[in-house]
């Protein structure tokens, strides 16, 4: 099993690094490849089972886009084959049609999934989040300088229960296309969502997946879930 | 009209200050708030003192500002500082109110201001400081400060061109600021403890800003603090004009070289991040023209404020209460590094939850995965107490850091944790956030009582 972590030196804001660190502990048998920004992604020339991107600054988002422009067909091919792409924070915006800057300039994105993002700098959008993916309750937090728009129902990842969705008032959060999971939830998404982590492991073919420190992970999750279900301030 | 509005604002702010003081309030922010409400350009209209020194950056602002203000006062200057107040625009407006008389004439020699880096756009263009010290730039609270590039862009846009900069040559991020401004750099020469590969989880300046190549480090101290170069394009760290060439921990001195002169100063605090703060203060005071002998003499009497660091005894146990700013992974990592590198058997009591968020919301815990809790993975650390509503998150974080479950005591109630923790220990490090300072003081009181009783009872049995 081969998992590529793309550009970990720049896609690592807000605790996102913990996702692959924890996943490595959950999947000791897997090979994790960390590709720096100075190198081409391995998934372009090799078969991989999963690709991970974490949150990044706006300038680094543009830097990544410039690296991946022209590689859209390969990304589509991998997604058609069922390869998992997990993208946390603002990183999934590169998969949309374009990113609109506050001055109106549009940056062409990869066009893999039909939606667009719009930056709101200097307005920071902060919110706790509670939602549902299938029968899994998802918890987390978003903190970003952008929103996403025109995500079709078929491409929505999580249904919003409480907190900020893809944009203000939107009832869905993030995008899903085949096994591409893109979410504005950032930081230790997999650490904080043990049900989803087990689901990803099963998608990777692991039978009866067991998490690292499973009991502690579920305890922290259940405490947070109960807290988020109470009447607390989300935004 | 603007002038009348300004004077109404000034008098209102002075009156509000007096009233609040009569009511026993600190009055560090509200007078400035009133002034800015009545006169939005209050900061720009207030006549400035002959000298204005500002300090900003992610970490070390308060300590550095206090050192500068204390020493200038000791040198006989009449100064106003916002040391007990807010470092945002309202706090600065309050400080400015104190710096002028009722006729709006400056009545002091110098203003020494701590400025919040995110709010600097609302402050620096209007007060146009003579000197701006930037201690460093790191990632901080994600909700407020987003990421270091965002804060960098604010400072790079809003610092006036006339301001002379005092920058940290070892901070790869902040040293790149405002290339057009006059500047002087300070830095610490290679230390025995330095490395060339980052041991921290986070290094926000690991690739060359010119060509994206991985940077090489001549020495790396922590995170992106060090001396780097690009093996491909020639980009490199700036040279420091004020170089700390020796740290003598035994005699508690530091040696600073400027030009051909080397001077020995008393060391205010042994933590390396506080040595950086002291060096920043020495640099700006030297540039400002403060009497070197007086600076040296007064450094002896300076101490890091007790809200940040305090040592006391609980029976035979030495208790060290120290701040580990929550939601600030780098500041917290510095404290974890300090505690991890101390010697002897010890317990670490962690209570760094954000008290304000726990009242009506829930803290986002992503930052703990950027903080180096791995530094606590030491056989000499006999127990780690994680206390407060977020204790289960901390427990999981410690497990991911490789720390055995046997070492961890996880308890939601901080006071109950004191009752059930091990008390037969030489040293106890109590780590708290700024928001949990008052709570930490109460926990500390209980530690002193409970530990003393437990140790006396044990002594009696023997």
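Roughly what % of Cα-Cα distances in the range A:1-60 sit above 13 Å, to the whole percent? Result for the distance tail: 59 percent.
Dividing the convex hull volume of the alpha carbon atoms of chain B by its residue count gives 164 Å³ per residue.
Simple spin-label estimate for residue B:8 and residue B:419 gives 5.9 nm between the two label positions (7 Å along the Cα-to-Cβ direction from each Cα). Ellipticity at 222 nm from helices only: DSSP H runs of n ≥ 4 in chain B, each -39500 (n - 2.57), divided by the residue count, give -10500 deg cm²/dmol.
A viscosity of 1.002 mPa s and a temperature of 20 °C, combined with the Kirkwood radius over C-alpha pairs in the Stokes-Einstein formula, give the range A:2-229 a diffusion coefficient of 122 µm²/s. Over every Cα atom in the range B:102-256, the radius of gyration and the widest Cα-Cα span, Dmax, amount to 17.4, 60 Å. Where both bridge residues fall in chain A, DSSP classifies roughly 60% of the beta bridges as antiparallel.
The share of C-alpha pairs in the range B:251-315 whose separation exceeds 15 Å stands at 55 percent. Where does helix B:391-400 land angle-wise versus the long Cα axis of chain B, in degrees 0 to 90, nearest 10? The helix B:391-400 is inclined about 80 degrees to chain B. Mean per-residue shielding of peptide A:10-19 is 6, counting Cβ atoms of other chains within 10 Å of each Cβ.
For the protein assembly as shown, what proportion of DSSP beta bridges, expressed in % and rounded to the nearest 5, is antiparallel? Don't skip to the answer; put the middle values down first.
Details: 54 of 117 bridges.
If we restrict to bridges inside the protein assembly as shown, about 45 percent are antiparallel.
The C-alpha atoms of chain B define a longest principal axis, and helix B:2-22 lies at about 40 degrees to it. Against chain B, whose longest principal axis is taken from its Cα atoms, helix B:329-341 shows a tilt of about 50°. Estimated from helical segments only, the mean residue ellipticity of chain A at 222 nm is -7500 deg cm²/dmol, where each DSSP H run of four or more residues counts as -39500 (n - 2.57). Between the beta carbons of residue A:29 and residue B:211, assuming R0 = 30 Å, the FRET efficiency works out to 0.20 to the nearest 0.05.
A Förster radius of 22 Å combined with the Cβ-Cβ distance from residue B:292 to residue B:236 puts the calculated FRET efficiency at roughly 0.10. Once every Cα of the range B:1-110 carries one equal point scatterer and solvent is ignored, give the base-10 log of I(q)/I(0) from the Debye formula at q = 0.11, 0.17, 0.20 Å⁻¹, two decimals. Normalising to I(0) and taking log10 leaves -0.34, -0.80, -1.07. Among beta bridges from DSSP that stay inside the range B:309-461, the antiparallel ones total about 20%.
In this structure, residue B:78 and residue B:158 have a Cβ-Cβ separation that, at R0 = 25 Å, corresponds to a calculated FRET efficiency of about 0.30. With only Cα atoms counted, the protein assembly as shown has Rg and Dmax values of 26.3, 81 Å.
Largest first, the three principal axis extents of the alpha carbons in the range A:1-112 are 47, 31, 23 Å in whole numbers. Peptides B:378-391, B:73-86, B:16-29, ordered by how many other C-beta atoms sit within 10 Å of their residues on average, highest first, read B:378-391, B:73-86, B:16-29. The per residue volume of the convex hull around the alpha-carbon atoms of the range B:309-461 is 97 Å³.
In this simple spin-label approximation, residue B:261 and residue A:100 carry label points 7 Å from Cα along the Cα→Cβ vector, and these lie 6.0 nm apart. The Rg/Rh ratio of the range B:156-205, with both radii computed over alpha carbons and Rh defined as the Kirkwood radius, is 1.07.
No lab work stands behind these numbers, since they all come straight from the coordinates. Keep in mind that what you see is a predicted model, and the values were worked out from it rather than measured. Cβ sites come from the backbone with ideal geometry, for glycine too, and all protein chains shown count toward neighbours.
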